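Okay, so here's the structure we're looking at.
Bear in mind that the values in this text are calculations on the coordinates, not laboratory data. This structure is a prediction, so every number in the text was calculated from the model and none was measured. Glycine also receives a Cβ, built like all others from the backbone with ideal geometry; neighbour counts cover every protein chain displayed.
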């Protein structure tokens, strides 16, 4: 029972795949894949733009902190030369804090740069794949067009074969009809000869009857011995 169920399931699966193969149009599916791949490229490009924006923002922020640190260091140096060590120390503290903030941006900035590099590479790979896919889709389209043309040619050849078979059959019927016509003509000629023979026979019979009637008439009209003149 289990084996029967498995076989039925396999048969239904195979039938479903066969129906899907019949429905699936390679050219339509290829064009849809191109559209999907194009959407993937656009999504990757949007991600790249976002990553590049984050990179620029982090780099700008880090540069600002470094510039701020450098500015406080210059101020501290001027104050220290002026003998104002306490104020110079405060400026140094701010410079150190700014550099610390700049260093805090270093790791995120490095991560953003790696992300940008990776996304840029992915976009380039996707573009290359899209070009390959476009060429494959064009080849699929050409192959399908050729296949459809061959199918049309095959169907045309089938129509031609059937038409030639019909023409050959008509030719056979025509020859058979010609034989019938010859037989009819021969029968007509034979019938005509028979009719002519019958007419000739009837005419001969009629002539014989006429000859007999004429002989009888002559016999009646001929003078007999009693009517001969006396000596």
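The table that follows gives values for the structure above.
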{"item": "Difference of contour (0.36 nm per residue) and Cα-Cα distance, residue 128 to residue 97", "result": "6.5 nm"}
{"item": "Taking the convex hull of Cα positions in segment 25-157, its mean projected area over all directions (nm²)", "result": "9.2"}
{"item": "Simple label model, 7 Å out from Cα along Cβ direction - residue 207 to residue 38, nm", "result": "10.6"}
{"item": "Whether segment 39-93 is rounded, prolate or oblate, judged on the alpha carbon gyration tensor where a/c under 1.5 counts as rounded", "result": "prolate"}
{"item": "Over 11 Å [Cα-Cα, segment 85-125], rounded percent", "result": "69"}
{"item": "Cα-projected label distance for residue 136 with residue 28, points at 7 Å along beta-carbon direction, nm", "result": "2.0"}
{"item": "Least to most buried among 59, 131 (fewest other Cβ within 10 Å first)", "result": "131, 59"}
{"item": "Rel. contact order, % - alpha carbon contacts under 8 angstrom, at least six apart, segment 25-157", "result": "40"}
{"item": "Cβ-Cβ FRET estimate between residue 56 and residue 86, R0 fixed at 41 Å, reported to 0.05", "result": "0.55"}
{"item": "Order of 111, 161 under a 10 Å beta carbon neighbour criterion, fewest first", "result": "161, 111"}
{"item": "Whole-angstrom gap from segment 106-120 to segment 128-146, using each part's C-alpha centre", "result": "35"}
{"item": "Additional length obtainable on full extension of the chain from residue 169 to residue 106, 0.36 nm per residue less Cα span", "result": "13.5 nm"}
